[in-house]
Every structure is written in C-alpha cells, then in structure tokens.
C-alpha cells in the first residue's frame with residue numbers, strides 16, 4: 001500500500017536535532033544569522049575609524065584600522081547563542097585576540113583593572129569581567145565566513161565573546177574601558193543579566 | 001535585507017506602553033533630551049526587536065525611551081525624554 005500522499009517525504013528527512021550537549025538550555029539551532037540592533041547601523045569611514053583601550057586614569061592606546069589589520073590574526077570557529085533563544089553552530093570569524101591588544105596596552109602604561117566596558121559607535125555599551133575577555137576567550141573580529149564583517153552584523157569590527165550571550169559581543173566596537181568597578185551596559189542596566197552565561201541560562205537579572 | 005528596511009515606529013510599541021501607562025501613549029508628545037525637539041511617541045524610531053523596546057528620536061537618534069519585560073517585572077528608562085505631554089482622554 002502506498003504511503004499517505006499528504007505526508008510530505010521531507011518530514012522524515014528533517015534536519016536532525018542538535019548533538020546532545022551542544023545547545024544551551026532553552027535554545028534552538030538556526031542556520032540563519034538573525035540581525036538584532038538597538039539602533040541604526042553606523043557606517044564609519046575606515047580612514048577615521050580607530051580602536052582605543054583606556055583605563056580609568058585616562059591612559060590609553062589607540063589603533064587605526066590599518067594598525068589593527070597589521071596585528072597577528074586568528075580565525076576562531078565558535079557556536080554563538082543569542083538571548084532571544086537562537087544558537088548558531090560553527091560560525092567562522094577572523095580577527096585579533098583581545099589578549100594581543102591588552103598586552104600592547106599594558107606595555108603602553110594602561111592600567112589593568114578587573115572590569116571591562118565595551119563601547120560602540122551609536123552609544124551601545126556592554127560590561128564584562130576582564131577575565132572573560134582574556135586567555136583566548138575574546139576577539140575584535142573584522143571578518144566573518146571569509147568576508148569582511150557586514151555592517152548589519154557589526155562591521156567594520158565587533159567584539160566576539162562566544163561563551164556569553166551574544167549581546168555581550170558588541171557590534172560596531174570602538175574601544176574597551178578598563179574599570180576598577182563594574183559598570184552595567186546598555187541592556188544590563190535594563191534588566192538583562194549582568195554576566196549572561198548561556199549554559200546557566202542567565203537571561204535576566206535574578207536568574208541564577 | 002538591510003536593518004533599516006525592517007525598522008518599525010513608535011506605534012508598534014503601543015502595547016508595551018499601555019502596559020505601563022494604562023493609557024494610549026502613541027499620541028503623547030515627547031521632548032528629546034538630546035535635541036529638545038518634540039515628537040508624538042508614535043513616530044519615534046523603534047529598535048531592539050525581541051530584546052526590548054528602544055525608541056529613538058527621529059531627528060537625532062537619541063535613545064528616548066527603553067522598555068524591557070523580564071520575569072521580575074518591566075524595566076523602563078526615560079532618561080532621554082525631558083518632557084511628556086500626555087493628552088486628556090476623550091470624554
């Protein structure tokens with residue numbers, strides 16, 4: 001007897017569920033790259049673009065676009081997790097490790113502090129412990145999927161901190177402030193979790 | 001698709017505003033703390049998508065109002081709005 005013609009064959013060849021242990025709680029896998037922005041997409045001219053690391057005393061070090069591109073590059077592949085519940089596996093990036101930039105900042109006399117505030121074009125900010133952007137855990141990314149990072153995904157450059165919810169990976173980044181005290185960022189001021197670990201499902205303030 | 005093509009306006013935030021103000025706020029006249037120009041709430045630029053309501057001044061992009069709904073309650077920041085004129089309800 002023939003199969004039920006009203007059940008599409010494709011139903012059975014549906015993409016298998018994510019491998020066990022790969023999706024944090026409450027997340028689903030997407031193959032798209034959804035765009036979520038708190039404001040209009042800036043398009044700064046690269047000749048005027050710079051990246052600055054500054055401490056609370058005002059000591060700073062600055063890289064032009066060409067300076068940044070001349071630093072040693074890494075090509076991390078990472079799973080990313082948005083607090084709006086999509087996760088995307090094996091995203092491929094190109095950029096400079098934040099370790100590389102912090103080492104140069106220390107050599108230039110910028111004081112190390114326990115907290116970081118990432119600041120972006122358009123006024124967006126997000127806060128992280130310094131320990132979460134060091135030891136190979138964070139990058140200033142300017143390439144995605146073998147292409148220059150598109151403006152809607154944060155180009156010319158964004159922070160990439162894949163082990164935290166993706167709002168921490170600030171788009172359109174222009175600098176890091178190294179602070180003695182934690183200073184909540186754009187979403188963290190407004191009820192989102194201060195740390196944002198997807199594996200502990202830290203979406204909102206009050207989550208464990 | 002460009003982000004700009006998906007932009008909504010303040011009318012799309014009518015529900016979130018009514019939950020806080022218990023009033024239709026889309027006709028309220030809001031003055032921007034950045035450029036001092038007043039606009040009806042309904043014409044502000046609405047960003048933030050599923051993370052929350054981010055209403056920006058249509059003249060200077062200043063963030064005028066932010067609302068996030070969380071399990072613990074609704075957070076609202078209106079520090080970018082200097083004055084709101086909320087019209088009388090029609091009788």
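Derivation of every value follows stated rules applied to the coordinates shown; laboratory data play no part. All values reported here derive from a predicted model rather than from experimental measurement. Here the Cβ is made from the backbone with ideal geometry for all residues, glycine too, and neighbour counts use every protein chain on show.
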Q. Out of the DSSP beta bridges found with both residues in chain A, what percent are antiparallel (nearest 5)?
A. 85
Q: Summarise the partner chain shielding of A:120-127 as one whole number: the mean count of Cβ atoms from other chains within 10 Å of each residue's Cβ.
A: 1
Q | Semi-axis lengths (Å, descending) of the ellipsoid that matches the C-alpha gyration tensor of chain B | A | 19, 17, 13
Q | Cα pair distances exceeding 16 angstrom across region A:22-113, given as percent | A | 69
Q | residue A:99-residue B:35 pseudo-label distance in nm [points 7 Å out on the Cα-to-Cβ vector] | A | 4.5
Q.
Can you give me the distance in nm between label points at residue A:75 and residue B:74, each placed 7 Å from the Cα along the Cα-to-Cβ direction?
A. 4.9
(Q) Report the Cα centroid-to-centroid distance between region A:155-173 and region B:25-91 in angstrom, as an integer. (A) 26
Q) So what is the relative contact order of chain A, in percent, for Cα pairs below 8 Å that sit 6 or more residues apart? A) 22
Q) Given labels modelled 7 Å from the Cα in the Cβ direction, how far is it in nm from residue B:43 to residue A:200? A) 4.7
Q: Report the calculated FRET efficiency for residue A:66 and residue B:14 (r = Cβ-Cβ distance, R0 = 41 Å), to the nearest 0.05.
A: 0.30
**Q.** Paramagnetic reach from residue A:183 in region A:81-105 [backbone N under 12 Å; point 7 Å along Cα→Cβ]
**A.** none
Q: Go ahead and estimate [θ] at 222 nm for chain A from helices alone: -39,500 (n - 2.57) per DSSP H run with n ≥ 4, summed, over the residue count, rounded to 500.
A: -2000 deg cm²/dmol
**Q.** Cβ neighbours within 10 Å from other chains - mean over B:65-76
**A.** 4
Q | C-alpha long axis of helix A:98-107 to longest principal axis of chain A, angle in ° | A | 10
